[in-house]
1. Can you find, among B:Ala161, B:Phe148, B:Val79, the residue farthest towards the positive end of the dipole of region B:45-177? Put +1 on the C-beta of Lys and Arg, -1 on that of Asp and Glu.
2. Mean Kyte-Doolittle hydropathy of 0.0 or higher plus an axial Cα length of 15 Å or more: which whole DSSP H helices in chain A meet both?
3. In the neighborhood of B:Glu77, defined by Cβ-to-Cβ distances under 15 Å, what is the net charge if each Lys or Arg adds +1 and each Asp or Glu adds -1?
4. Between the label point of A:Ala35 and that of the same position in each other copy, find the distances and list them shortest first in nm, with every label point placed 7 Å from Cα along the Cα-to-C-beta direction.
5. Hey, got the Cα dimensions of region A:55-99 along the principal axes, in Å, largest first?
6. Work through the residues other than A:Ala63 whose Cβ is under 13 Å from its Cβ and net out their charges, Lys, Arg +1 and Asp, Glu -1.
7. Calculate the length of the line joining the C-alpha centroid of region B:140-170 to that of region A:118-176, in whole Å.
8. Tell me, for the rotation carrying A onto B, which chain A residue has the beta-carbon closest to the axis and what that distance is in whole Å.
There are 2 protein chains.
Amino acid sequence: MPKVTQEHLDARRTEILDGARRAFAKHGYAGATVARLEEEIGLSRGAIFHYFESKLDLFVELAVAENRRYQRVLAEEGVEAVLRALAAADPQWLTVFIETEVRLWHDAELEQRMASPEQEELLIAGLSRAQAEGRLRTDVELVALVDFASIVVNGLALRVAGGGDPIDIDSLVGLVDDALRPREPR
Amino acid sequence: MPKVTQEHLDARRTEILDGARRAFAKHGYAGATVARLEEEIGLSRGAIFHYFESKLDLFVELAVAENRRYQRVLAEEGVEAVLRALAAADPQWLTVFIETEVRLWHDAELEQRMASPEQEELLIAGLSRAQAEGRLRTDVELVALVDFASIVVNGLALRVAGGGDPIDIDSLVGLVDDALRPREPR
C-alpha cells in the first residue's frame, strides 16, 4: 500500500471542497445532487464521502470557512474591506450561503456547528483596537457599532445574492464611514 | 340565495389573510399545511380556496402587502420609521417573509408578481422631498442613498428574523442618521 502523506490528504480535501462549492453555486444546495457533486469534483461518491460524512457536512465546512473569512476581514481590516469583498463575491455562492443561513433558524444542531464564539471575540478585539487607534468612533457603545456593521454586511450580502443592478460600492463605503468614523468635537 | 355584499366579501378575505399569516408565522411556509391553514383561519379548505387560488397565492398576497407597507413607510416617514417598525415586528413572520424573498431568486414568475415599480417611484419621490426639505443629504447620488437605506432595512430584517439578542434600535437609528443627514459645510 502506498504511503499517503498528510499533504496528499489535505490537497484532496481542498479539491473536494472547491468542487462542492462550484456545484452548490451552480445548482443551489438542494439541486447539487450526488451525481452533480461527482461531476463537478471529478471524483466518485465513494472517494468524496470517504473524506466527508455527507453533503450537509461538505456545505457546513464551506459555510463555516466562509463565515470565518469574512469575520476575520472585519476584525483585521474593518467594515470597508468586508463590504468591498462582498460586492466582488460570486452572487450564486452568496445565494446558497444565505439560503442556508436562513435554514439555520429552524435547525439548532446546524446552528451550533456554524457558531464561532472565538471569532466574535476577535471581532470585538479588532473594533476596540480601531477605537484606540482613532479609526472608529467611541461615543457609541461598541455592541451597537458591531450590530450596525453586521446589519450592513448582511444587507449587502442579501443584495448581491439577489442580483439586480450593481451597487455603487464607493458610495456605500462612504456612507458607512460617515456613520462610524470618530466625531469631531463641535 | 342571500345577497352577498362586497363588504361581506372583503371582510371574509381579510379574515382568511389574517389567519393565513398566523399559520405561516407559526409553522413556516412549508409547515403551513392545508389542515393547519383551516385550523388557524377557522374555515374549511373549500371556503378558503374559494377566495384564493392556492397557498402560494395567499402567501404572495400577504407578502406583497407587507412589502408595500414598509415601502410606503420608507417613502412617507423615512428610514428611521421603517427601522423602528421592523425592530418591533413579529420575528416569526419576518422569517417566513425572508425565506420567501430568497425563494424569489429562483422563481421569475413569483418575482414578477411581487415587483412593485410604482412603489419604487414613490420611494424616490419621498426621498427627493426629504432632500428638498433639508432632512436628507444632497452631496451623494439619490440612488446610493436608496441602496444604503434598503441594505440597512434588509440587514435589520434578517437580524430580527434570526432572533438572538435584542437590538439597540435607538443607537442603530442614530448611526443611520449620521450617515444620511445633510452635511454641514466645513
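1. Of the listed residues, the answer is B:Ala161.
2. A:91-104, A:142-162, A:169-180
3. +2
4. Relative to the other copies, A:Ala35 has label-point distances of 3.4 nm.
5. 33, 19, 12
6. -1
7. If you average the Cα positions of each part, the centres end up 12 Å apart.
8. Axis relating chain A to chain B; nearest Cβ residue and distance: A:Gly155, 1.
The numbers here are math on the coordinates, done by the rules we state, and not lab data. Model, not experiment: these values are computed from the prediction. We place every Cβ from the backbone using ideal geometry, glycine too, and count neighbours over all the protein chains shown.
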